[in-house]
1. So, in Å, what gap is there between the alpha-carbon centers of the range A:261-339 and the range A:225-250?
2. Residues of A:138-147, mean number of Cβ from any other protein chain within 10 Å of their own Cβ, rounded to a whole number?
3. Across peptide B:5-17, what mean number of C-beta atoms from other chains lies inside 10 Å of a residue's C-beta?
4. Can you list residues whose amide H is under 5 Å from A:Gly296's amide H, if they're 5+ apart or on another chain and H is modeled 1.01 Å from N?
5. Could you pull out every residue, at least 5 positions away or on a different chain, whose amide H is within less than 5 Å of the one on B:Gly54? Hs are placed 1.01 Å off N in the peptide plane, and Pro or chain starts have none.
6. Kindly provide the helix-only [θ] at 222 nm of chain A, computed as the sum of -39,500 (n - 2.57) over DSSP H runs of four or more divided by all residues, to the nearest 500 deg cm²/dmol?
7. Shape of chain B from its Cα gyration tensor (a ≥ b ≥ c, root eigenvalues): rounded if a/c is under 1.5, otherwise prolate when a/b > b/c, or oblate?
8. Can you compute the charge dipole magnitude of chain A about its Cα centre, using +1 on each Lys and Arg Cβ and -1 on each Asp and Glu Cβ, nothing else charged? Give it in debye, rounded to the nearest 20.
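The values are calculated or read from the model by the stated rules, or taken from the named source; none is laboratory data. The shown structure was predicted, so the numbers you read here are calculated from the model rather than taken from an experiment. Cβ sites come from the backbone with ideal geometry, for glycine too, and all protein chains shown count toward neighbours. Side chains are part of the model used for accessible areas, which takes the heavy atoms of the whole protein and leaves out ligands, DNA and RNA. Shrake-Rupley method; radii C 1.70, N 1.55, O 1.52, S 1.80 Å.
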Amino acid sequence: MIVLGIESSCDDTAASVLEDGRVVLSSIVSSQESIHAKYGGVVPELASRRHIEAIVPVIEEALSNAGKTLDDIDGIAVTQGPGLVGSLLIGLSFAKSLSLAKGLPLTGVNHIEAHAHAAFLAEKGERGGAPGFPFVALIASGGHTTLLHFEDATAYRVLGQTLDDSAGEAFDKVAKLLGLGYPGGAAIDRLAREGDKGAIDFPRPLASKGSLDFSFSGLKTSMLTYVKNLSGPPSEALLRDLSASFQEAVVDSLVTKALWALRATGAKDLVAAGGVASNSRFRARLSEMAEEEGLGLYIPHPRYCTDNAAMVASLGFHQLEKGRLAGLDMNAKPTWEGF
Amino acid sequence: MEETVKYLTSSPEETERLGEGLSEKLRAGDCVALTGELGGGKTSFARGMARGLGSKGGVKSPSFTILNIYEGGRLPLYHMDLYRIMGQEEFLFAGLDEFIHGNGAAVIEWAERAPSLLRDCRITVSFRYVSDTEREIEVRIKDDAGKHEKPVL
């Protein structure tokens, strides 16, 4: 089965052509240079209305890169939520129109649930491993920090999530407090490699309560207080130590909760996805944990950790197979129950 | 006419209670502009507003998701965050103005990014870092019908 995936829940418009739920024939994101050039070539602003300009070129590029036409498509999967309502509606309206015009089955997908499905994606000719069910997924990005348990491809429950800031947001805002520029997460990752991670004892919120929820707002406040109490701008050496110590606190929380979730559910495989899964220290700590505990660890390629439509098509494939079809009355779900 | 009252809070919980107090004054169509630096307590204040209105769900920072909607209370609350929005034009292009002055109340973090909000919102709340735990919070309520309202929360 060949599925066309469409994603427009927040910043980027994305489309992907996916074969049999796993093989990525194409995956196009509007922030890619080749797409920019087609609709103005400016850095994309966060704007629902920009999705309107991007969606046709993005879908055309996805089809042509895959060497397919609309006649080859067997079904359509589109992000239904959660996200910014104006942005979601553009992908949804386009998907519904296409479904009606071509008589194709349509399914609506949860964006956060889809992030976990990035672990099943493989390039053509590549034989990537995939997690076995049941598994635990930790989705950590700018918008979300959520632990999910998957019983099978389409049955999940939420085990825990952030109560305030997301992990990606903590990286971004702390980088701003330290004057590190954009993208902040990458800057902290780089500086932290030469810093002392034990230099400053930042808090590990909700660490003792056995809770699977996260909290990163207090960590941001601790950094704010530390910076405000300095008599001048931090030295390069101090920036390295602050970055390393802060990063360790975030990674500690993420890895600890993931392990608790695995123990609590008895799952043997862990998927880590979302933009934060590109952080080198996080990846190293996850690998150590997986080895010590004898667990399977699946971290998608960085291009499938950030927002993309291949993951939407992958989850959509399973929903289509199970007959979970949406009608033309499908509406956007800006907030999704349980998240 | 405009009335201003300054508060000093000494914990995130206290900031939250101040937001809860403000929620009692909210009516449909109101917009509350939150301004001030990172870590000032804006999300805690908005959390208090959502609780005060009677919404049961969690309140997370919308810095990356841009808009969270809390329903099930006395009024729907549209919790926006312009942290990643670079100016007035982008605010309008993102379609966020559609959630203001509607059937619910709107609370907008980093409202200074879209200067029209400071003019249009009936209530403005500014946050300032004082010490590790203390924040100075200034509440301004515009008098819109010749009636003075003391912003005591």
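1. 32 Å
2. Working: counts 0, 0, 0, 1, 4, 7, 3, 1, 0, 0.
For peptide A:138-147, the averaged partner shielding equals 2.
3. Working: counts 0, 0, 0, 0, 0, 0, 0, 4, 0, 0, 0, 0, 0.
Other-chain Cβ atoms within 10 Å of each residue's Cβ, averaged: 0.
4. A:Asp269, A:Leu270
5. Residues meeting the amide H criterion: B:Arg74.
6. On the way: 11 runs with 140 residues, N = 339.
Calculated at 222 nm, the ellipticity per residue is -13000 deg cm²/dmol.
7. Working: a/c = 1.20, a/b = 1.11, b/c = 1.09.
It is rounded, given that a/c, with a ≥ b ≥ c, falls under 1.5.
8. Details: 30 positive and 40 negative charges, 82 e Å.
About 400 debye.
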